[in-house]
Amino acid sequence: PQDIMESAFVLQSALPYFPSGSVHLIVVDPGVGTDRRAVALRKNNQWFVGADNGLFPLLFDGDSPDAAVKLDNPDAWRTASPSNTFHGRDIFAPAAAHLAAGRTLTDIGTPVDTLEHLQWAQPIVDADAIEGRVVHVDHFGNCVTNIRRSTFADALNLDEEAPSADLLPAIEGYAGSTILEAIHGTYGDVDEGEPLLLFGSTGFLEVAVNGGNAAELLDIRKGDSIKIAFSEST
């Protein structure tokens, strides 16, 4: 809860599947009631409402929105005296409803030129290894890292930006106290109950267990290091 970076990661994975005109209400707001701004913005013909706490630049990989406003018009709030602990109800949700009903950004706020920024933690890449971090554990217990398929292509000078599993080199993967010796293409490549590495549907490297919960079985937590060492033959 209240993890801005993990929230941005999950939202970024889902965003391509929403249709044009969607309105996204995002209540990830650990700074609620402080002087952080409440904002609404438009990007690629979708609308977003939430806190100006760095989430939106993460969501857009550093790109600027097409337009943005701070939600400073009390006429567009649920109440002129919003709760200091529940802006999601009193400011964000009414703003999202106004946008869904066809009102413009400037109907509900004042334009702003900049947003607060956060930076993604990037994997460490050298000639012998890639070291990343677990950034998300899904409800199946799959441990998703910040290592993209394209990171492997860049590190190993492969032509394919997103190489298939059978084109990847021999590796040793270190996940907690577990050593994994290949990157697989599917969960079914290993026996049930066995751990594996694979690139998931979002294009990021995951530590998983076929038919099981990797986070529990391998004692892996968000933030843990995952290191992939290339064999000497690559």
Quick one: would you say Pro74 is modelled with pLDDT of 95 or more and either of a type in the set (Phe, Trp, Tyr) or more than 21 Å from Asp90 (Cα to Cα) (or both)?
no
Any residue that is modelled with pLDDT of 90 or more, within 17 Å of the chain's Cα centre (by Cα) and surrounded by fewer than 16 Cβ atoms within 10 Å (Cβ to Cβ) - is there at least one of those in the stretch 176-188?
no
Using the structure shown, decide if Glu160 is under 30 Å from Glu206 (Cβ atoms), at pLDDT 95 or above and touching a Lys or Arg at 6+ places or on another chain (Cβ under 9 Å).
no
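Residue-by-condition table, conditions (1) touching a Pro at 6+ places or on another chain (Cβ under 7 Å); (2) part of a strand (DSSP E or B); (3) outside the structural domain of Val134 (by TED's automatic domain parsing); (4) of a type in the set (Lys, Arg):
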residue	(1), (2), (3), (4)
Gly21	no, no, yes, no
His24	no, yes, yes, no
Asp63	no, no, yes, no
Arg89	no, no, yes, yes
Is at least one residue of the stretch 74-95 surrounded by fewer than 19 Cβ atoms within 10 Å (Cβ to Cβ) and within 18 Å of Ala14 (Cβ to Cβ)?
no
Any idea which of (1) under 25 Å from the mean Cα position of the chain (by Cα); (2) at pLDDT 90 or above; (3) more than 24 Å from Val28 (Cα to Cα); (4) not aliphatic (A, V, I, L, M) is the one Gly102 doesn't satisfy?
(1)
Out of all the residues in the stretch 29-36, is one or more in contact with a Lys or Arg (Cβ under 6 Å, 6 or more places away or on another chain) and farther than 28 Å from Val137 by Cβ?
no
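So that you can scan it fast, the table gives a plain yes or no per residue for (1) buried (at least 19 other Cβ atoms within 10 Å of the Cβ); (2) in contact (Cβ under 8 Å) with a residue 60 or more places away in the chain:
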{"position": "Ala101", "(1), (2)": "no, no"}
{"position": "Asp107", "(1), (2)": "no, no"}
{"position": "Thr110", "(1), (2)": "no, no"}
{"position": "Glu116", "(1), (2)": "no, yes"}
{"position": "Gln122", "(1), (2)": "no, no"}
{"position": "Ala129", "(1), (2)": "no, yes"}
{"position": "Cys143", "(1), (2)": "yes, yes"}
Has the stretch 49-59 got any residue that is closer than 18 Å to Ile4 by Cβ and either surrounded by fewer than 16 Cβ atoms within 10 Å (Cβ to Cβ) or acidic (Asp, Glu) (or both)?
yes
Residue in the stretch 189-213 that is surrounded by the fewest Cβ atoms within 10 Å (Cβ to Cβ), counting only those that are within 25 Å of Ala153 (Cα to Cα) and not hydrophobic (A, V, I, L, M, F, W, C)
Ser201
For the stretch 206-234, give me the residue count where each residue is at pLDDT 95 or above, of a type in the set (A, V, I, L, M) and part of a strand (DSSP E or B).
4
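The values are calculated or read from the model by the stated rules, or taken from the named source; none is laboratory data. Everything quoted here is computed from the prediction, not taken from an experiment. Here the Cβ is made from the backbone with ideal geometry for all residues, glycine too, and neighbour counts use every protein chain on show.
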